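The values are calculated or read from the model by the stated rules, or taken from the named source; none is laboratory data. These figures come from a predicted structure and were not determined experimentally. Cβ atoms come from the backbone with ideal geometry, glycine included; neighbour counts cover every protein chain shown.
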Amino acid sequence: MAHALEPKATTLAEASSDAPYGVIGDLDPRVRVVMACVFAISTVALTTIPALMAALSAAISLLVMSRLPIRRTLKRMAMMDSFIIFMLVLLPFTMPGDEMFSVFGFPASWQGLWKAIEIGLTANAVILTVMVLVGTMEPVTLGHALHKLRCPEVLVHLLMFTVRYIEVLREEYLRLRGAMKIRGFRPGTNWHTYRSFGYLVGMMLVRAIERSERILGAMKCRGFSGRLLLLQEFSMTRKDHLFVALLSGVCLGLLFLDYV
Amino acid sequence: MHIVDGALSNPVVIGGALAAAGGIAVGLKSLEIDRIPTAGVLSASFFVASLIHVPIGPSSVHLILNGLAGLLLGWAAFPALFVGLLLQAVFFGFGGLTVLGVNTFNIAMPAVLAWMIFGRLIGRGSPVQGAIWGGLGGAFAIAATTLFVAVSLALTGDEFLPAAKLVFFAHIPVMAIEAVLTGFAVLLARKVKPELFLKGSSA
């Protein structure tokens, strides 16, 4: 699904031809979802820098195990950092504590710096683990796994629909943008641009609604009753048990490291 | 606008998760089988719309459009926006996992509020009147979202207060842009498919 961000990445259909994600790809999707949550909760509970460094290293080892393109994945993780960077830069100046240095008379505190590092490490460790364990799944598989984990059926339906139609609607968006471009539209900071984008969004929504009416008709015609029919059976193997044991061990180790 | 893992204190994270679960439950209840495709396709279109970058001066902002989502979906905006945030976190690495509840609440609750306040108004009167109410709804939703983000940060600790204020003021141009875009989107929808909001306001 990442191709929505990076046009050069393969499309959904191509990517599904084989699952090249090494050890991680063989694991039961339910195990991956649950263990990602367990790891996230344990990491958020950590408060010391060494333990958080260890958590980030654990996340990076998972990344290596998954055989994801390391540079691209880390780049995407860094993209999230660009969102939070200004908050982290501000923290030393806004948190009271021992002065480290001062900029234009504003003192920066060590405590603030450590807090900022703490947040940065936690956020990166968790998001990296989530992307490696859950993000490598087919979105549809994620839906099935969530269903097996007793998520409400309607929510899973909603997820599946969203996953299915993101690509369709993105193509429609690109078609509309293409039509605008060919008529000489160039975005800038002006009223014309905002009006055109507003109409673009409005048109996308109108088309989406009309599409959904056709979908509903087609589904009714095939006797849709709100039940999810699952195409995949999941089964826990020895590998899964081993993975659960290992990652739980790592989480406990992290909590212990944090405690001492 | 996304808050990341590790930034918030535990009570805020847990409170946010509970509030989001409640909102999602109400939203799912309001979704009959016949409306699932509509909600799903709209959820996908808001996901795509959030990838649109609109230029503002030398920089650009990406759209959130939670106000418009609320106006069209009502309470169903809760599960729809939750799904969007979940997919963003898992496949794009935006936001975080434990803060998913807080992020969902911060984005979806303003959507529902915008629907409660402005939902009935946009279907009435001339299309232009509807568009103006829609625009106000769009600006209101962003303002409320930034306010909620600021409150979640402020509840965590005083050291985040300046950052929270900065978030709010930095989003004033975003509010203006979302207002204009939502307004024009409503205007177009009112002209092209007038029954859209009449149905939406009774949902």
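Conditions (1) modelled with pLDDT of 90 or more; (2) at the interface with chain A (Cβ under 7 Å from one of its Cβ atoms); (3) closer than 30 Å to A:Val89 by Cβ; (4) loosely packed, with under 15 Cβ neighbours inside 10 Å, marked per residue:
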{"site": "B:Thr146", "(1), (2), (3), (4)": "yes, no, yes, no"}
{"site": "B:Leu153", "(1), (2), (3), (4)": "no, no, yes, no"}
{"site": "B:Pro162", "(1), (2), (3), (4)": "no, yes, yes, no"}
{"site": "B:Val167", "(1), (2), (3), (4)": "no, no, yes, no"}
{"site": "B:His171", "(1), (2), (3), (4)": "no, no, yes, no"}
{"site": "B:Ala176", "(1), (2), (3), (4)": "yes, no, yes, no"}
{"site": "B:Ala185", "(1), (2), (3), (4)": "yes, yes, no, no"}
{"site": "B:Ala203", "(1), (2), (3), (4)": "no, no, no, no"}
Quiz prompt | Filter result for A:Met236 (surrounded by 12 or more Cβ atoms within 10 Å (Cβ to Cβ), more than 9 Å from every other protein chain (Cβ to nearest Cβ) and closer than 29 Å to B:Met175 by Cβ) | solution = no
Quiz item: Being buried (at least 20 other Cβ atoms within 10 Å of the Cβ) and of a type in the set (Val, Ile, Thr), is that true of even one residue in the range A:46-65?
Solution: no
Practice problem: Could you check, for the range B:117-127, whether at least one of its residues is buried (at least 24 other Cβ atoms within 10 Å of the Cβ) and modelled with pLDDT of 90 or more? | Solution: yes
Practice problem: Determine which single condition A:Thr136 fails, assuming it passes every other condition in (1) in a helix (DSSP H, G or I); (2) crowded, with 22+ Cβ neighbours inside 10 Å. | Solution: (1)
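If you take the residues in the range B:33-51 that are more than 7 Å from chain A (Cβ to nearest Cβ) and farther than 15 Å from A:Glu213 by Cβ, which one is modelled with the highest pLDDT?
The first filter runs over the range B:33-51 and keeps only residues more than 7 Å from chain A (Cβ to nearest Cβ), leaving B:35, B:46, B:50.
Pick out the ones that are also farther than 15 Å from A:Glu213 by Cβ and you get B:46, B:50.
Values: B:Phe46: 88, B:Ser50: 84.
That would be B:Phe46.
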Quiz item: With respect to the numbered conditions (1) over 30 Å from A:Pro29 (Cα atoms); (2) touching a residue at least 60 places away in the same chain (Cβ under 8 Å), which one is the sole condition not fulfilled by A:Val89?
Solution: (2)
Quiz item: What are the residues in the range A:181-210 that are over 23 Å from B:Leu72 (Cβ atoms) and aliphatic (A, V, I, L, M), if any?
Solution: A:Ile182
Quiz item: When only residues in the range A:141-182 that are of a type in the set (Gly, Ala, Ser) and without any contact (Cβ under 8 Å) to a residue 60 or more places away in the chain count, which is nearest to the other protein chains (Cβ to nearest Cβ)?
Solution: A:Gly143
Quiz item: Within the range A:190-203, can you find the residues that are within 7 Å of chain B (Cβ to nearest Cβ), surrounded by 21 or more Cβ atoms within 10 Å (Cβ to Cβ) and hydrophobic (A, V, I, L, M, F, W, C)?
Solution: A:Phe197, A:Val201
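Where in the range B:1-104 are there helices (runs of 4 or more DSSP H), lying wholly inside it, with at least 2 residues that are in contact (Cβ under 8 Å) with a residue 24 or more places away in the chain and of a type in the set (Phe, Trp, Tyr)?
Result: B:36-49, B:77-87.
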Quiz item: When you look at B:Val180, is it assigned to a helix (DSSP H, G or I) and under 18 Å from the mean Cα position of the chain (by Cα), yes or no?
Solution: yes
Quiz item: Of the residues that make up the range A:74-81, is at least one part of a helix (DSSP H, G or I), free of Cβ contacts under 8 Å to residues at least 40 places away in the same chain and charged (D, E, K, R)?
Solution: yes
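How about the range A:219-236: which of its residues are assigned to a helix (DSSP H, G or I) and out of contact with any helix residue (DSSP H, G or I) (no Cβ under 9 Å at 6 or more places or on another chain)? Let's see the steps before the verdict.
Initial filter on the range A:219-236 (assigned to a helix (DSSP H, G or I)): A:219-221.
Matches in the range A:219-236: A:Cys221 only.
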Quiz item: Quick check: anything in the range A:237-244 touching a residue at least 24 places away in the same chain (Cβ under 8 Å), more than 29 Å from B:Leu85 (Cα to Cα) and not in a helix (DSSP H, G or I)?
Solution: yes
Quiz item: Looking at B:Gly6, B:Gly22, B:Gly16, which one is more than 10 Å from chain A (Cβ to nearest Cβ), over 21 Å from A:Ile215 (Cα atoms) and surrounded by 24 or more Cβ atoms within 10 Å (Cβ to Cβ)?
Solution: B:Gly16
